[in-house]
Amino acid sequence: MTPAPISDPFWPRASAWLAGTHAADALRRLSILGVPVARGSITPGRCDLAPAAVRAALQRFSTYDIESGGDLERVAATDHGDLAVAGLSPAEAFQTVKEGAFSSLVGADVLFLLGGDNSITYPGVHALGVALERCGLLTLDAHFDLRDLDAGLTNGNPIRALLAAGLPGRNIVQVGLQPFANSRFYHNLATGAGITVITADDFHRRGVVPVIAAALDQLARSADAIYVDFDIDVLDRAFAPATPGSRPGGITPAELRTAARLCGANPKVLIADLVEMDPERDVAGVTVYAACMCLLAFASGLLLRKQ
């Protein structure tokens, strides 16, 4: 049995923050909602266990962001627990996820969804509460997620489903696409739909700040609200053994952390999700810890918002 961490009043823990501990003069409000949908994934796994794994691992993290100087004690976090969707197919879970996300966003500056597989991006975007024509979507993902819809909604086709539902391709930016993880057909489908495609090599060559800043600026010009999808398989496989879709050559946890902070700082970003992590496949907690850093950096970014 692992002993409990030693308590230190001068080292506030992120787990206590998520449980509701924050300063009386909090500047921002963040909602957290677990969405453990995993049934019907292309590669079967236990992504439904990820929300609990992230919550448990937060006891190993503090609330202070030394890079920005912000402290999450100034962000009032509300954890709404997990939706009762474990065991449901993505189609069966759609309405529950959409309504649960929409209601959890009320009274908060932003909502962070802990998946679950990537199918939750489809109801998540619908939960923004604005017409799809006025939504923007930024994905950090090794894959296009544009597979056909013949078998219904899966973790391999939420972007295809959103296009079919009316989200304009010009309002989508996809970052981190990997060689030998996609097909020519889906690449052509993406570019033909007007999606902005930024490969992993493009990302490495240009740098995380220019890429993410430009993507957010582009989406902000055409959208009233932006949704960010953090698929953990965008990471290099060395840092993400707990996701079957990760490949060598992906981005680093430090780059993901910076990207998350930038997204949290953008006032048009209303919902973000973190998906595709199976804790049972993890090694030494490396993937779960990277996921925690993504959540915490995103929350830290809220303190940098100008509005």
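Do you know which of the residues in the stretch 268-288 that are within 26 Å of D202 (Cα to Cα) and of a type outside the set (A, V, I, L, M) is farthest from the chain's Cα centre (by Cα)? It comes out as K268.
Among residues of the stretch 242-263 that are free of Cβ contacts under 8 Å to residues at least 24 places away in the same chain and farther than 13 Å from E67 by Cβ, those with a Cβ under 7 angstrom from a residue that is part of a helix (DSSP H, G or I) and of a type in the set (D, E, K, R), sequence gap 6+ or separate chain, pair up as P248/R237.
Look through the stretch 72-90, keep the residues that are assigned to a helix (DSSP H, G or I) and among the charged types (D, E, K, R), and return whichever of them is farthest from L27 (Cα to Cα). Please lay out each step first, then the result.
To start, the set of residues in the stretch 72-90 that are assigned to a helix (DSSP H, G or I) comprises 72-74, 90.
Checking the rest, the ones that are also among the charged types (D, E, K, R) come to 73-74.
On the way: E73: 9, R74: 6 Å.
The qualifying residue farthest from L27 (Cα to Cα) is E73.
In the stretch 28-71, the residue that is surrounded by the fewest Cβ atoms within 10 Å (Cβ to Cβ) out of those that are part of a loop (DSSP other than H, G, I, E, B) and of a type in the set (S, T, Y) is T43.
Can you find, within the stretch 104-125, the residue that is nearest to A254 (Cα to Cα) among those that are free of Cβ contacts under 8 Å to residues at least 60 places away in the same chain and buried (at least 24 other Cβ atoms within 10 Å of the Cβ)?
Let us first name the residues in the stretch 104-125 that are free of Cβ contacts under 8 Å to residues at least 60 places away in the same chain, namely 106, 122-123.
Filter once more, so that each one left must be buried (at least 24 other Cβ atoms within 10 Å of the Cβ): 122-123.
Numbers: Y122: 27, P123: 29 Å.
It comes out as Y122.
Is it the case that the stretch 20-27 has a residue that's in a loop (DSSP other than H, G, I, E, B) and acidic (D, E)? Don't jump to the end; show me each part of the working.
Pass one, the stretch 20-27, residues in a loop (DSSP other than H, G, I, E, B): 20-27.
Cutting the leftovers down to acidic (D, E) gives us 25.
Checked the stretch 20-27: at least one residue is in a loop (DSSP other than H, G, I, E, B) and acidic (D, E).
Has the stretch 137-144 got at least one residue that is buried (at least 21 other Cβ atoms within 10 Å of the Cβ), in contact with a strand residue (DSSP E or B) (Cβ under 6 Å, 6 or more places away or on another chain), among the acidic types (D, E) and modelled with pLDDT of 95 or more? Yes, that holds for at least one residue. Here D233 clears all of (1) surrounded by fewer than 15 Cβ atoms within 10 Å (Cβ to Cβ); (2) in contact with a Ser or Thr (Cβ under 6 Å, 6 or more places away or on another chain) except the condition numbered (1).
Specify the residue that is farthest from the chain's Cα centre (by Cα); the eligible residues are those in the stretch 20-46 that are among the hydroxyl-bearing types (S, T, Y) and more than 17 Å from G124 (Cβ to Cβ). Talk me through it step by step, then tell me what you get.
Taking the stretch 20-46 first, the residues among the hydroxyl-bearing types (S, T, Y) are 21, 31, 41, 43.
Restricting the remaining residues to those that are more than 17 Å from G124 (Cβ to Cβ) gives 21, 43.
Details: T21: 23, T43: 19 Å.
That would be T21.
Out of all the residues in the stretch 202-224, which are closer than 13 Å to Q174 by Cβ and in contact with a Cys (Cβ under 8 Å, 6 or more places away or on another chain)? Correct list: I212 only.
The condition of being surrounded by fewer than 19 Cβ atoms within 10 Å (Cβ to Cβ), charged (D, E, K, R), free of Cβ contacts under 8 Å to residues at least 40 places away in the same chain and touching a Pro at 6+ places or on another chain (Cβ under 7 Å) holds for only one of E92, E133, E99, that being E133. Any residue in the stretch 196-210 that is farther than 29 Å from C47 by Cα and crowded, with 16+ Cβ neighbours inside 10 Å? No, the conditions are met nowhere in the stretch 196-210.
If you go through the stretch 72-89, how many residues are at negative phi and surrounded by fewer than 20 Cβ atoms within 10 Å (Cβ to Cβ)? Residues in the stretch 72-89 being at negative phi and surrounded by fewer than 20 Cβ atoms within 10 Å (Cβ to Cβ): 10 in total.
Summed over the stretch 62-89, the residues that are closer than 22 Å to M277 by Cα, touching a Leu at 6+ places or on another chain (Cβ under 6 Å) and either of a type in the set (D, E, K, R) or in contact (Cβ under 8 Å) with a residue 60 or more places away in the chain (or both) give a count of 1. Exactly one residue out of A164, A181, A193 is within 26 Å of E255 (Cα to Cα) and of a type in the set (A, V, I, L, M, F, W, C): that is A181.
So that you can scan it fast, the table gives a plain yes or no per residue for (1) at pLDDT 95 or above; (2) among the small types (G, A, S); (3) more than 16 Å from the chain's Cα centre (by Cα):
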| residue | (1), (2), (3) |
| --- | --- |
| H204 | yes, no, yes |
| A220 | yes, yes, yes |
| A238 | yes, yes, yes |
| G249 | yes, yes, yes |
| L256 | yes, no, no |
| G264 | yes, yes, no |
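Residue-level check: of (1) surrounded by fewer than 20 Cβ atoms within 10 Å (Cβ to Cβ); (2) assigned to a helix (DSSP H, G or I), A297 misses just (1).
The values are calculated or read from the model by the stated rules, or taken from the named source; none is laboratory data. Keep in mind that what you see is a predicted model, and the values were worked out from it rather than measured. Cβ atoms come from the backbone with ideal geometry, glycine included; neighbour counts cover every protein chain shown.
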